[in-house]
Amino acid sequence: MALVDRLPKHLFTTRGWGLLAAGAVSLGCAYVMGRRDLLTLAILLLLLPLVALAGVRVLKPKFQVYREFNPSTVETASTTTVRLAVARSSYSTGHVIMEEQLPPRFGEPPAFRFPARSASGGTSRYEYHLRSGKRGQFRIGPVTAEFSDPFGLSLRRHSIDDGDILTVTPAAVELPVTGLAGARGNDGVTATRIRANPSDDDIMTREYRHGDPMRRVHWAATARHGQLMVRQEESVTTPEATLILDQRFNALAGGTGSMFGGHDEDSDLVTSPNFEWIVTAAMSITSHLAERNYSLRVLDAFGSPAFNRSRSAPEPDAEEFAGAGGLQAIAEGLAAIELSGPRHARGEHHRADHHGTEHREAGPGSSSPDSADAAFDDRLMDKLAAHRLRGPLLALLGTLTPAEARSLAPAAAYGANAFALMVTETTRNNDDVLEILRLAGWRVAVVTSKTQLGAAWSAFDEGGIVAAAGAAMDVRRGAAVPR
């Protein structure tokens with residue numbers, strides 16, 4: 001029996017190997033004894049398994065597989081239900097053993113028999129559950145089927161579909177309410193009273209119309225114009241927030257415990273503990289602000305759309321997001337975002353995504369996809385200037401050099417308020433960088449990958465320094481708003 005267990009299982013079953021052995025013995029006996037009947041039996045016993053082997057390789061049954069994830073994208077540590085529907089698309093009979101191939105992180109692959117006992121209309125349906133503790137994109141499948149001939153002599157296993165991609169997004173951490181949200185109404189919008197007219201009375205007033213309540217009459221403007229004037233309705237502006245998401249390899253890949261492509265047996269993301277902290281922070285902050293009706297802009301350190309190198313982004317070139325759909329797009333973009341830089345110490349790396357598109361990653365001399373660009377340069381400043389003072393500016397940063405801090409410092413002038421979380425290996429030895437940013441108007445908190453995100457977020461409110469995020473929409477320099 002031990003000898004049988006050592007024989008290849010992908011060619012013949014135990015029965016098939018037994019017939020071959022019997023055929024070999026019969027052939028030997030026929031030769032020794034000179035019996036033609038034993039020779040005929042030997043030929044039959046040897047040919048039958050070989051014909052069965054050829055049959056299962058030439059006459060392959062065909063199947064159609066439909067796979068559905070519910071939900072279609074899942075957060076880390078949450079469960080998605082996988083539903084499989086398998087149907088024959090060619091004539092064949094008998095039972096087939098099938099197995100759904102999974103990345104190792106999901107445990108043992110589920111196996112099932114086709115057709116299922118509850119099969120209806122020729123289609124068998126199966127269901128199982130998956131959960132991942134890490135973000136990324138994972139190929140679920142393919143389904144492999146083990147076929148046998150009608151006599152059970154030969155086996156063949158092959159894939160009957162290509163599998164599907166499951167996107168696992170980072171889960172948001174609930175953040176405490178801080179002054180960053182700003183002074184807004186119950187619907188999450190900011191009232192703005194600024195108009196581009198020279199007189200505040202003219203800005204805020206218009207002629208009386210039938211039906212206007214008398215409590216809105218502006219008596220000073222009425223006296224000036226000689227006719228009844230009322231206060232103008234406040235316009236309502238959706239608050240905006242801009243997030244700078246640092247993805248630079250050199251700024252975030254340092255320290256022990258970094259994970260680079262190939263470290264994880266079923267994930268090839270170029271990442272590190274510091275960058276994972278930033279990804280979670282980005283998901284949490286954008287979720288926190290989206291719940292308060294902020295529209296969001298997400299840029300990288302070079303002024304490009306933050307997700308233009310994320311293979312999971314539904315629209316890689318998008319940089320503005322709003323509403324529930326925008327938040328979902330951010331979550332999907334963050335699912336497979338990675339550090340922009342080399343995987344190895346030298347050379348370039350070419351990686352194909354799940355669509356087969358090849359990505360070229362920058363070599364060690366590059367600080368961005370375009371080696372002519374520098375972090376926090378004029379391209380980023382121009383993007384920020386286009387939305388000057390429309391809301392808070394937030395930066396999630398890796399380790400900065402003093403020169404990089406000086407390049408980033410002027411950006412504080414483009415936000416109603418400017419906040420930065422800088423993730424480093426140690427919270428010490430950053431005094432020069434912090435002084436440069438704080439003198440320019442940034443509120444900075446230095447953290448490590450072990451820092452609780454809620455505590456880092458709350459640090460912005462210490463000392464009452466955080467102002468309302470919409471303050472810049474209500475007040476301009478030298479402009480007074482009449483009540």
For Thr73, all conditions in the list (1) in contact with a helix residue (DSSP H, G or I) (Cβ under 7 Å, 6 or more places away or on another chain); (2) outside the structural domain of Leu155 (by TED's automatic domain parsing) hold save one; what is the number of the exception?
(2)
Check segment 161-170 and report whether any residue there is outside any strand (DSSP E or B), among the small types (Gly, Ala, Ser) and surrounded by fewer than 17 Cβ atoms within 10 Å (Cβ to Cβ).
no
Among the residues of segment 13-38, count how many are closer than 26 Å to Pro150 by Cβ and assigned to a helix (DSSP H, G or I).
14
Within segment 304-328, how many residues are assigned to a loop (DSSP other than H, G, I, E, B) and not small (Gly, Ala, Ser)?
9
Here is a check on your reading of the model: is Leu130 touching a helix residue (DSSP H, G or I) at 6+ places or on another chain (Cβ under 6 Å), modelled with pLDDT of 90 or more, hydrophobic (A, V, I, L, M, F, W, C) and buried (at least 17 other Cβ atoms within 10 Å of the Cβ)?
yes
If I ask for residues that are within 16 Å of Ala282 (Cα to Cα) and among the charged types (D, E, K, R), which ones from segment 310-333 would you list?
Glu319, Glu320, Glu332
Of the numbered conditions (1) modelled with pLDDT of 95 or more; (2) buried (at least 24 other Cβ atoms within 10 Å of the Cβ); (3) of a type in the set (Gly, Ala, Ser), Ala409 satisfies every one except a single condition; which is it?
(2)
Residue in segment 100-116 that is surrounded by the fewest Cβ atoms within 10 Å (Cβ to Cβ), counting only those that are part of a loop (DSSP other than H, G, I, E, B) and without any contact (Cβ under 8 Å) to a residue 40 or more places away in the chain:
Glu108
Candidates Val143, Val74, Val86, filtered to the one that is among the β-branched types (Val, Ile, Thr), surrounded by 13 or more Cβ atoms within 10 Å (Cβ to Cβ) and under 25 Å from Val279 (Cβ atoms)
Val74
Of those in segment 48-68 that are touching a residue at least 60 places away in the same chain (Cβ under 8 Å) and β-branched (Val, Ile, Thr), the residue farthest from Thr14 (Cα to Cα) is Val65
When the residues of segment 77-108 are filtered to those that are among the small types (Gly, Ala, Ser) and at pLDDT 85 or above, which remaining residue is nearest to Thr280 (Cα to Cα)?
Ala77
Would segment 117-127 turn up any residue that is out of contact with any Lys or Arg (no Cβ under 8 Å at 6 or more places or on another chain), surrounded by 17 or more Cβ atoms within 10 Å (Cβ to Cβ) and farther than 22 Å from Arg311 by Cβ?
yes
From the residues in segment 268-294 that are under 17 Å from Glu320 (Cβ atoms) and of a type in the set (S, T, N, Q), which one is surrounded by the most Cβ atoms within 10 Å (Cβ to Cβ)?
Thr286
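The values are calculated or read from the model by the stated rules, or taken from the named source; none is laboratory data. Not measured: the values here are computed from a predicted model. Reconstructed Cβ throughout: ideal geometry from the backbone, glycine too, with neighbour counts over all protein chains shown.
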